[in-house]
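S.K.: Just passing along the structure, written as structure tokens.
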Amino acid sequence: MPAATGADALSLADPYTIGTKYWHELDDGRIQCDVCPRNCRLREGQRGLCFVRGRIGDQIVLASYGRSSGFCVDPVEKKPLNHFLPGTPVLSFGTAGCNLACRFCQNWDISKSREIDTLSGEAAPDTLAQAASKLECSSIAFTYNDPTIFLEYAVDAAQACKELGIKTIAVSAGYINAEPRAEFYSHMDAANIDLKAFTEDFYQKIAFSKLGTVLDTLKYLRHETDVWLEITTLLIPGYNDSNSELAEMCAWIAEHLGDEVPLHFSAFHPDFKMRDVPATPPATLSRARRIAIDHGLKYVYTGNVHDTDGGTTHCGGCGKPVVVRDWYVLKEYRIDGTGHCEHCGARIPGVYSGPAGTWGPKRRPVRLGTPRVRTGDHDRRNATATKE
């Protein structure tokens, strides 16, 4: 792995580059990044696979603090989260790079970018929080690319949001080591984790990662945190959509996470390095949903297709529809302000606050201000002396 040169060279003189703390020195002089299980071992000037974390001197730095590939206000259901403040707007943003290497990536222009210039948006954590408040967003989502790789920026933004009563959402593949995972999710209110398949073979050959780590993250979130959890599986024809694999996955979810964790099956479209694979037929999503329901899962949805039935939430008590969705429009809403079915009074698992929002399908790109890297009572750029 050669050192970055030219425009890609790392420099602490860059106002968007900060010191980090999850790393350690190796006996051979390299430094290992400890944020994710990839554990990149770097020499001077080298970047990790994620591209935004690299080595300068005797530390690992983050080179995308305060920068974004874009900001947008859209419905929380698009994350997708169907049981978290339904109908409300969320300020969504991401940076560049990723710590996985999925051949099918649907956001590859962002996640696989090797051009820092991709990050044309700028916002310090407090700017993000203030913007979310002014835009009347109930939450902010770290999405488009995996927030694991810009952990420090996401954590600072989350802390700023909490001060203004803004909820925080992580959309992630769940590929993160235990110590940074604990810090990161202690600042999150909700998460949608991509469970990309249910075989190690798929994860190793198609996503270049490991299934076991993701399953550990799912169990951690469900049983050791208060983070609201939903799961998404992108179904790719011929790769992860067999009846047997889906049955095994749903049985595992029911046993290890419980029957109330919402599961979303989304349609794949040909992209990145899998353009020769056909798009997912709607019938495949319906089949997967039926398998999940047959295995006892109560809240199973289809995505990236127009499917009113697959978007409807049914009460786990009486079975009646409590949320009928037409794409991102809530056509019918029968959950009271405390999260109970208006038909029978049963609790609908999730996070609710009063009546449903009315944001609908709107998608509003926004531009934010110039970042101030200094946040709170410390300067992230001077974090070199605070490694733990």
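S.K.: Short version: ³J(HN,Hα) in whole Hz for each residue of the stretch 57-70, in order, from phi by Karplus 6.51 cos²θ - 1.76 cosθ + 1.60 (θ = phi - 60°), x for Gly and Pro, what are they?
M.R.: x, 9, 8, 9, 10, 10, 9, 10, 5, x, 10, 9, 7, x
S.K.: Mind giving me the nanometre distance, one decimal, between the label points for residue 248 and residue 331, set 7 Å out from Cα along Cα→Cβ?
M.R.: Modelled inter-label distance: 3.7 nm.
S.K.: Show me 9-21, 292-304, 75-87 ranked by packing, highest mean number of other Cβ atoms within 10 Å first.
M.R.: Highest to lowest by the protection proxy: 75-87, 292-304, 9-21.
S.K.: Would you mind checking the tilt of helix 151-163 against the longest principal axis of the Cα atoms of the chain, expressed as 0 to 90 degrees and rounded to 10?
M.R.: That helix lies at roughly 60 degrees to the long axis.
S.K.: Measure nothing fancy, just the Cα-based angle from helix 282-294's long axis to the longest principal axis of the chain, in degrees from 0 to 90, nearest 10.
M.R.: Taking the Cα atoms of the chain, the angle to 282-294 is about 80 degrees.
S.K.: May I pose another question? Computed on alpha carbon atoms, what radius of gyration and Dmax characterise the chain, expressed in Å?
M.R.: Every Cα atom of the chain included, Rg and Dmax give 20.6, 66 Å.
S.K.: Checking the cross-link filter: which aspartates and glutamates have an alpha carbon closer than 15 Å to that of residue 167, excluding same-chain neighbours under 8 positions apart?
M.R.: List returned: 74, 77, 126, 136, 156, 189, 226.
S.K.: If a/c stays under 1.5 just call it rounded; otherwise compare a/b with b/c (prolate if a/b is bigger, oblate if not). Do that for the stretch 6-63, with a ≥ b ≥ c from the square roots of the Cα gyration tensor eigenvalues.
M.R.: Judged from the Cα gyration tensor, the stretch 6-63 comes out prolate (a/c at least 1.5, a/b above b/c).
S.K.: Cut-off 12 Å, label point 7 angstrom out along Cα-to-Cβ of residue 363: give me the residues of the stretch 130-152 whose amide nitrogen falls inside.
M.R.: Hits in the stretch 130-152 for residue 363 at 12 Å: none.
S.K.: At a 10 angstrom cut-off on C-beta neighbours, averaged per residue, how do the peptides 264-271, 45-52 rank from highest to lowest?
M.R.: So the order, starting with the most tightly packed, is 45-52, 264-271.
S.K.: List the aspartates and glutamates whose Cα lies under 17 Å from the Cα of residue 320, skipping any in the same chain that are fewer than 8 positions away.
M.R.: Within reach: 260, 309, 332, 336, 342.
S.K.: Shifting gears a bit: Write down the percent of antiparallel bridges among all DSSP beta bridges whose residues are both part of the chain, to the nearest 5.
M.R.: Of the beta bridges lying entirely in the chain, close to 55 percent run antiparallel.
S.K.: If amide hydrogens are placed 1.01 Å from N in the peptide plane, which non-local residues have theirs closer than 5 Å to the one on residue 340?
M.R.: 348
S.K.: Amide H neighbours of residue 90 under 5 Å, at least 5 residues apart or on other chains, H built in the peptide plane: list them.
M.R.: Distant-sequence amide H within range of residue 90: 74, 76.
S.K.: Is it possible to state the helix-based mean residue ellipticity at 222 nm for the chain, with each DSSP H run of 4+ residues giving -39500 (n - 2.57), the sum divided by total residues, to the nearest 500 deg cm²/dmol? What is it?
M.R.: -6500 deg cm²/dmol
S.K.: How far, in degrees from 0 to 90, does helix 211-224 lean away from the longest principal axis of the Cα atoms of the chain, to the nearest 10?
M.R.: 70 degrees
Just so you know, all these numbers are worked out from the coordinates, no wet-lab data involved. Since the model is a prediction, treat every value here as computed from it, not as a measurement. Note that we place each Cβ from the backbone using ideal geometry, even for glycine, and neighbour counts take in every protein chain shown.
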